[in-house]
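Structure first, then comments.
Laboratory data are not the source of any read-out in this text; all were calculated from the coordinates shown. Bear in mind that the values here come from a model prediction, so they are computed numbers and not experimental data. FYI the Cβ positions are ideal-geometry reconstructions off the backbone, even for glycines, and counts take in every protein chain you see.
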Amino acid sequence: MSEQVEHLISKEYAAGFHTAIESETLPPGLNEDVVRFISAKKDEPEWMLDWRLQAFRAWQEMESPDWAKVKYPPVDFQSISYYSAPKSMDERPQSLDEVDPELLATYEKLGIPLHEQAVLAGVAMDVVFDSVSVVTTFREKLLEAGVIFCSISEAIEKYPELIKKYLGSVVPQKDNYFAALNSAVFSDGSFVFIPKGVRCPMELSTYFRINEQNTGQFERTLIVAEEGSHVSYLEGCTAPMRDENQLHAAVVELVACDNAEIKYSTVQNWYPGDAEGKGGIYNFVTKRGVCHESAKISWTQVETGSAITWKYPSCILRGDNSVGEFYSVALTNNLQQADTGTKMIHIGKNTRSTIIAKGISAGRSDSSYRGLVRMNPGADGARNFTQCDSLLIGDRCGAHTFPYIESKNPSAVIEHEATTSKVSDDQMFLCAQRGLDPEKAVSMIVNGFCREVFKELPMEFAVEAGKLLEVSLEGSVG
Amino acid sequence: MLRINNLHASVEDKEILKGLSLEIKPGEVHAIMGPNGAGKSTLGNVLSGRDGYEVSSGTVEFKGANLFDLAVEERAREGVFLAFQYPVEIPGVSNMEFLKVSVDTVRKHKGLPALSSVEFMKLARTTSQKVKLDQAFLKRGVNEGFSGGEKKRNEILQMMLLEPSLCILDETDSGLDIDALQTVADGVNAMRNKDRSFIVVTHYQRLLDYIVPDYVHVLADGKIVKSGDKSLAKELEAKGYGWLEGGVA
């Protein structure tokens with residue numbers, strides 16, 4: 001089949017696109033052939049192609065959502081290229097000297113070691129660097145425990161039954177506009193499978209998945225934790241990530257079987273654009289997890305990057321006694337816009353959810369919390385606690401809270417607390433009077449404001465997140 | 001140390017200080033007393049550089065340089081310390097962290113080596129014992145949920161750690177019980193030496209029983225209307241301020 005498709009595609013594109021095919025990059029545009037091309041490039045089985053095509057056909061019938069409090073010019077999906085092969089060594093910067101000095105300055109501030117800077121900046125390296133050996137030992141250890149951690153492409157090939165069973169089981173292809181687009185054209189991503197009763201021996205981090213290139217734009221992640229298992233997953237890194245693709249639409253699906261626990265931590269630091277908001281990434285993400293009986297899913301996110309963030313990591317609390325948590329810090333500066341929050345859908349009895357959302361707005365940015373808490377008729381004794389705090393820095397930014405509460409069960413209890421505050425002149429004066437310069441003072445006050453969320457992050461991530469806020473807030477006082 | 005000459009300052013276009021002059025030499029303790037609204041707190045705020053206080057004329061020399069050339073944080077690093085009348089809370093920022101950053105910054109400015117975390121924690125613990133502040137307060141947010149007395153002890157703790165050269169205590173005694181007052185005074189007395197100067201702003205003579213000043217000044221209507229030694233404070237306690245204002249203003 002794939003040969004046929006290959007043939008078909010080369011024929012189709014022969015007229016206009018032959019050079020592009022040679023360089024393994026598709027010209028801009030999206031149609032069924034593009035979907036077929038991507039699938040063929042990855043040697044995918046037919047069922048996978050069908051799955052993608054279903055998604056694509058659904059997407060064509062859908063419309064881009066317009067309810068979020070973000071403004072951006074309409075995205076021309078026909079002007080985007082949906083496949084490009086990893087850059088060859090020759091095309092990549094040959095050393096750190098060729099990398100944007102501004103980017104390096106930021107790495108420096110974050111205290112990132114030189115060899116990691118090279119990896120992050122995509123420098124071509126023939127020499128095997130330290131972390132490769134780390135990765136090897138890492139993989140061996142996981143294998144011993146029976147944990148599968150690989151790219152989603154590899155999983156489609158090696159574990160088709162698991163993929164067939166779980167891919168799209170939490171976020172169906174037609175779930176929403178961006179999820180449908182992702183389902184049709186996803187480039188790559190991660191697959192994690194923790195077998196029954198296993199406690200994953202280490203924190204899994206996308207950082208270790210270094211063999212993959214170009215997974216960023218339409219990333220697809222699937223994590224399955226079987227009965228009684230436990231895993232902590234870290235996504236992203238604090239270093240600013242540049243990407244030539246402006247539009248990002250990722251999908252993350254989590255499945256927590258009975259008594260399983262998944263902790264998913266994200267630090268999102270995509271390029272936010274310059275001070276005028278030019279060139280920043282649009283980040284439209286669908287993240288959702290389903291909890292079976294007595295299972296727990298905990299989302300922790302620190303969002304500082306992207307020009308536009310549209311993201312609502314959610315929990316479907318299907319099983320009785322299951323627990324959902326959402327801890328979030330969203331910081332916007334300059335002209336950034338963030339509309340982020342969560343959905344907690346209580347279906348099972350005695351389900352519990354906690355939402356702690358901290359929004360920080362500086363510059364001329366706009367930050368919104370949008371959250372849904374729904375208690376279904378069967379959710380006897382369900383409880384939710386929500387706390388949304390907004391902190392404003394300066395007088396040209398905005399903070400908004402849109403809580404949606406739907407309760408169809410009289411025994412359910414929902415609590416919602418919200419505050420909005422400013423970094424006060426008195427606090428700034430106290431800090432200055434104790435010798436702190438204004439930027440240090442603001443970052444300290446902001447870090448204090450975020451403390452409840454940071455303490456949910458794995459230790460080293462928490463420290464980095466603090467530094468990251470400091471760097472992201474640069475120039476917000478003055 | 002400090003030479004204030006004919007200082008005029010206003011808040012929201014209202015003139016509060018109207019030609020204040022004062023000279024403080026190293027090692028001296030000056031008490032500033034006076035009726036409500038005389039400008040006592042304004043003096044501390046102007047010297048430390050708080051926003052909203054406009055200096056219209058006059059000069060202030062600090063260690064021989066023009067104080068007004070320095071930003072708030074630069075004055076602090078040079079050794080101007082203001083113990084606040086109403087210390088503000090900074091939720092979520094641990095007191096220990098705040099103190100460490102502050103001490104690091106000031107030590108760096110003075111060219112002193114940075115203290116390691118362990119050294120600093122030791123220092124902070126022993127110093128907090130001196131001001132009778134339980135160590136638990138080092139872990140809590142800055143002033144977060146502290147009582148009035150605990151906040152003031154925390155101010156003295158900061159002062160002791162930063163070792164400033166000019167300490168301005170803005171009604172530090174207000175709202176303190178006798179024990180806390182004694183502790184605050186002990187802290188100040190322990191810090192007195194030939195190089196360090198103090199401005200103690202207070203309403204009450206009581207504090208001056210514990211911190212014995214070299215000079216007492218009466219500030220009324222934006223000016224110093226009378227200066228004397230510690231006996232002046234006793235006299236004020238007995239007679240009030242009325243007799244002075246009438247005669248001078």
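Would you list A:Val290, B:Val101 from fewest to most Cβ contacts within 10 Å?
If I rank by nearby Cβ atoms, fewest first, I get B:Val101, A:Val290.
Grab the eigenvalues of the alpha-carbon gyration tensor for the range A:284-420, scale each by 5, take roots, and send me the semi-axes largest first in whole angstrom.
29, 14, 10
Let me check I've understood the local charge: for A:Gly341, count other residues with C-beta under 9 angstrom from its C-beta, Lys and Arg +1, Asp and Glu -1. What total comes out?
Every neighbour counted, the sum reads +2.
Could you please rank B:Val118, A:Val171, B:Val11, placing first whichever residue has the fewest other Cβ atoms within 10 Å of its Cβ?
Placing the least packed residue first, the sequence is B:Val118, B:Val11, A:Val171.
Pop out the Kirkwood hydrodynamic radius of the range A:353-462 from its pairwise C-alpha distances, inverse of mean 1/r, in Å to one decimal.
So the Kirkwood estimate lands at 16.0 Å.
Across peptide B:78-90, how many C-beta atoms of other chains are within 10 Å of each residue C-beta, on average?
Taking the mean over all residues of the peptide, I get 3.
If R₀ is 60 angstrom, what is the calculated FRET efficiency for the pair B:Val55 and A:Asp76, using the beta carbon separation as r and rounding to 0.05?
0.55
In the P(r) worked out for chain B, what percent of Cα pairs fall beyond 27 Å?
Result for the distance tail: 35 percent.
Rounded, prolate or oblate: which one fits the range A:401-468, using the alpha carbon gyration tensor with axes a ≥ b ≥ c (rounded when a/c is under 1.5, else prolate when a/b beats b/c, else oblate)?
Oblate shape, in that a/c is at least 1.5 and b/c is the bigger or equal ratio.
Could you name the aspartates and glutamates whose alpha carbon sits less than 15 Å from that of A:Lys69, not counting residues in the same chain fewer than 8 places away?
Correct list for A:Lys69: A:Asp339, A:Asp366.
Which percent, to the nearest 5, of DSSP beta bridges fully inside the protein assembly as shown are antiparallel?
Antiparallel: roughly 20 percent of the beta bridges in the protein assembly as shown.
For the range B:37-139, what relative contact order do you get, as a whole percent, if you take Cα pairs closer than 8 Å and at least 6 residues apart?
The normalised contact order for the range B:37-139 reaches 22 percent.
Roughly how far apart, in whole Å, are the Cα centres of the range B:83-121 and the range A:300-373?
One Cα centre to the other: 33 Å.
Which whole number gives the average, over all residues in B:94-103, of C-beta atoms from other chains lying within 10 Å of the residue C-beta?
3
Take every residue in peptide A:447-459, count the Cβ atoms of other chains within 10 Å of its Cβ, and give the average of those counts.
2
Within 10 Å of each residue's Cβ, count the other Cβ atoms and sort A:Phe385, A:Phe284 from fewest upward.
Fewest-to-most Cβ neighbours within 10 Å comes out as A:Phe385, A:Phe284.
Using unit Cβ charges (K, R positive; D, E negative) and no other charged atoms, how large, in debye to the nearest 20, is the dipole of the protein assembly as shown about its Cα centre?
With only Lys, Arg, Asp and Glu charged at Cβ, the dipole is about 2080 debye.
Counting alpha carbon pairs within less than 8 Å and at least 6 residues apart, what relative contact order, in whole percent, applies to the range A:290-354?
It comes to 40 percent, rounded to a whole number.
Work out the P(r) tail for the protein assembly as shown: percent of alpha carbon pairs separated by more than 49 Å, whole number.
That tail contains 30 percent of the Cα-Cα pairs.
R0 = 35 Å: FRET efficiency of B:Ser174 with B:Asn66, Cβ-based, nearest 0.05?
Given R0 = 35 Å and the Cβ-Cβ separation, E is 0.65.
Set Lys and Arg Cβ to +1 and Asp and Glu Cβ to -1, take the dipole of chain B about its Cα centre, and tell me which of B:Met121, B:Val201, B:Ala76 lies farthest positive.
B:Met121
List the trypsin sites (Lys or Arg not before Pro) within the range A:419-462 that DSSP assigns to loop and that have no more than 15 neighbouring Cβ atoms inside 10 Å.
A:Lys455
Distance from the Cα centre of the range B:164-241 to that of the range B:19-46, in angstrom?
The two parts, judged by their Cα centres, are 10 Å apart.
At 7 Å along Cα-to-Cβ for each site, give me the label-to-label distance between B:Asp195 and B:Lys108 in nm.
2.2 nm
Tell me the mean residue ellipticity at 222 nm calculated for the protein assembly as shown from its helices only (DSSP H runs of n ≥ 4, each -39500 (n - 2.57), averaged over every residue, nearest 500).
The helix-only estimate for the protein assembly as shown comes to -10000 deg cm²/dmol at 222 nm.
Can you list the residues of the range B:131-157 with backbone N under 13 Å from a point 7 Å past the Cα of B:Gln182, pointing along Cα to Cβ?
B:132
Do the alpha carbons of any pairs in A:Lys141/B:Lys139; A:Lys141/A:Lys296; B:Lys63/B:Lys234; A:Lys422/B:Lys25; B:Lys63/B:Lys152; A:Lys455/B:Lys122 sit beyond 30 Å of each other, and which pairs?
Violating the 30 Å Cα-Cα cut-off are A:Lys141/B:Lys139; B:Lys63/B:Lys234; A:Lys422/B:Lys25.
I'd like the GluC sites (Glu not before Pro) in the range B:1-78 restricted to DSSP loop residues with at most 15 other Cβ atoms within 10 Å, sorted by number.
Loop-located and lightly packed - B:Glu12.
In the protein assembly as shown, if the dipole is taken from +1 on Lys/Arg beta carbons and -1 on Asp/Glu beta carbons about the Cα centre, which of A:Gly280, A:Gly236, A:Met375 is farthest to the positive end?
Value computed over the given set: A:Met375.
For a bin width of 5 Å, list the pair-distance distribution of the range B:113-188 built from all Cα-Cα distances, rounded to whole %.
All Cα pairs considered, the percentages come to 3, 15, 27, 24, 19, 8, 3, 0.
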